[in-house]
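Everything on this sheet refers to the single structure shown next.
The values are calculated or read from the model by the stated rules, or taken from the named source; none is laboratory data. Owing to the predicted nature of the structure, the values given are computational and were not obtained by experimental measurement. Methodologically, a virtual Cβ is constructed for each residue, glycine included, from the backbone with ideal geometry; neighbour enumeration extends over all protein chains shown. Accessible surface is based on the protein model in full, side chains and every heavy atom, while ligands, DNA and RNA are left aside. Shrake-Rupley method; radii C 1.70, N 1.55, O 1.52, S 1.80 Å.
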Amino acid sequence: MLVDSHCHLDFPEFAPELPEVMARAEAAGVGTCVSIGTSLQGFPRIREIAEQFTSVFCSVGIHPHDAKKEPLESAQPLIERAAHRKVVGIGETGLDYYYGHSPREAQIANFRAHIAAARETGLPLIVHTRDAETDTIAILREEMEQGAFTGLIHCFTSTQMLADAALELGFLISASGIMTFKKAEELRAVLKTVPLENLLVETDAPFLAPLPHRGKRNEPAFVALTAKMLAELKGVVPEELARATTDNFFRLFTRAVRPA
């Protein structure tokens, strides 16, 4: 079994055929998906999808792009929504300095509120970081000293420095379809150094479809293609990679129910 640890099933690209998308995922051996929260306004739809499908769980969070639109004065709005039985994580949250859709100060404030929610609920923190390595590492280290929490770096596309810092904090690292791209040699070199017990796989669907589907709409079934290349990179058979990443997922996402 494989787990798509990060997808966006509430996005309009899936609306016309969500049952068919989930059927293809099941046929590809994907037994669990996490549909990720990117705004409080959109959380009811994410929760609805998680309730609709046994294999789908969800998270609650505000994407750093939307920090200006949905500023958090405290962790309470996240904590309240995280009480739902299908919510298994906090985020996605973090810092994105590449696009600058929200001021850095607003992103940092929301990031810290999400960390507080992860600490309070015991649910893992789902971190998005782009062009913000130094601040991301500094905040995670500073907050960890204030009280422990768990988490992962989603859609890892960064440097050895961030990978090493994440591992030092006890975080997992999630590989997406980007690692299959022909020009992703540096990313593959970093992922090769990450221990198998610290790896997850994801699609970030509908974005970032792996080869040979690059440029098309991504979907949870395609996580099998990323897992296949990751297995080759790690020098293990696909079955071992699937077993390890699935075990890693349920070890981190303790509220998610493993299929029988």
Subject >> Hits in region 201-238 (condition: in contact (Cβ under 8 Å) with a residue 24 or more places away in the chain and charged (D, E, K, R)) >> reply: E202, D204, R214, R217, E219, K234
Subject >> Extreme residue, farthest from I46 (Cα to Cα), among residues of region 77-124 that are assigned to a strand (DSSP E or B) and among the acidic types (D, E) >> reply: D96
**OP:** Keeping to region 124-137, report how many residues are open to solvent by less than 30 Å² (accessible area, probe 1.4 Å) and more than 20 Å from L187 (Cα to Cα).
**Re:** 2
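When you scan region 15-73, how many residues do you find that are of a type in the set (S, T, N, Q), closer than 18 Å to A205 by Cβ and surrounded by fewer than 20 Cβ atoms within 10 Å (Cβ to Cβ)? Can you show your working first?
Going through region 15-73, the residues of a type in the set (S, T, N, Q) turn out to be 32, 35, 38-39, 41, 52, 54-55, 59.
Adding the requirement that they be closer than 18 Å to A205 by Cβ leaves 32, 35, 38-39, 52, 55, 59.
Checking the rest, the ones that are also surrounded by fewer than 20 Cβ atoms within 10 Å (Cβ to Cβ) come to 39, 52, 55.
Total meeting the criteria: 3.
Okay, residues lined up against (1) over 22 Å from F57 (Cβ atoms); (2) surrounded by fewer than 20 Cβ atoms within 10 Å (Cβ to Cβ):
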| site | (1), (2) |
| --- | --- |
| K192 | yes, yes |
| L200 | no, no |
| P206 | no, yes |
| P212 | yes, yes |
| G215 | yes, yes |
| N218 | no, no |
| V223 | no, no |
| T226 | no, no |
**OP:** For H101, state whether it is in contact with a Cys (Cβ under 9 Å, 6 or more places away or on another chain), open to solvent by 10 Å² or more (accessible area, probe 1.4 Å) and not basic (K, R).
**Re:** no
**OP:** State whether the residues of region 162-175 include one that is within 19 Å of the chain's Cα centre (by Cα), more than 22 Å from F11 (Cβ to Cβ) and without any contact (Cβ under 8 Å) to a residue 12 or more places away in the chain.
**Re:** yes
Subject >> Residues satisfying the stated conditions in region 76-94, i.e. buried (at least 21 other Cβ atoms within 10 Å of the Cβ) and over 13 Å from F253 (Cβ atoms) >> reply: L78, R81, E92, T93, G94
Original post:
What number of residues within region 130-161 satisfy the criterion of being within 16 Å of the chain's Cα centre (by Cα) and farther than 17 Å from G89 by Cα?
Top reply: 5
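Might you let me know whether region 10-23 holds any residue that is under 25 Å from V237 (Cβ atoms) and touching a residue at least 60 places away in the same chain (Cβ under 8 Å)? Before you say what the answer is, go through the steps one by one.
First, the residues of region 10-23 that are under 25 Å from V237 (Cβ atoms): none.
No; the residues of region 10-23 include none that is under 25 Å from V237 (Cβ atoms) and touching a residue at least 60 places away in the same chain (Cβ under 8 Å).
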**OP:** Name the one entry in L230, L152, L167 that is open to solvent by 10 Å² or more (accessible area, probe 1.4 Å) and of a type in the set (A, V, I, L, M).
**Re:** L167
Original post:
Here are some conditions: (1) more than 15 Å from F253 (Cα to Cα); (2) open to solvent by less than 10 Å² (accessible area, probe 1.4 Å); (3) touching a strand residue (DSSP E or B) at 6+ places or on another chain (Cβ under 6 Å). L140 meets all but one. Which one does it not meet?
Top reply: (3)
Subject >> Candidate set from region 27-74 (those that are hydroxyl-bearing (S, T, Y) and out of contact with any strand residue (DSSP E or B) (no Cβ under 7 Å at 6 or more places or on another chain)); member that is nearest to D96 (Cα to Cα) >> reply: S39
Subject >> In region 114-123, the residues that are of a type outside the set (D, E) and surrounded by fewer than 24 Cβ atoms within 10 Å (Cβ to Cβ) >> reply: A116, R119, T121, G122
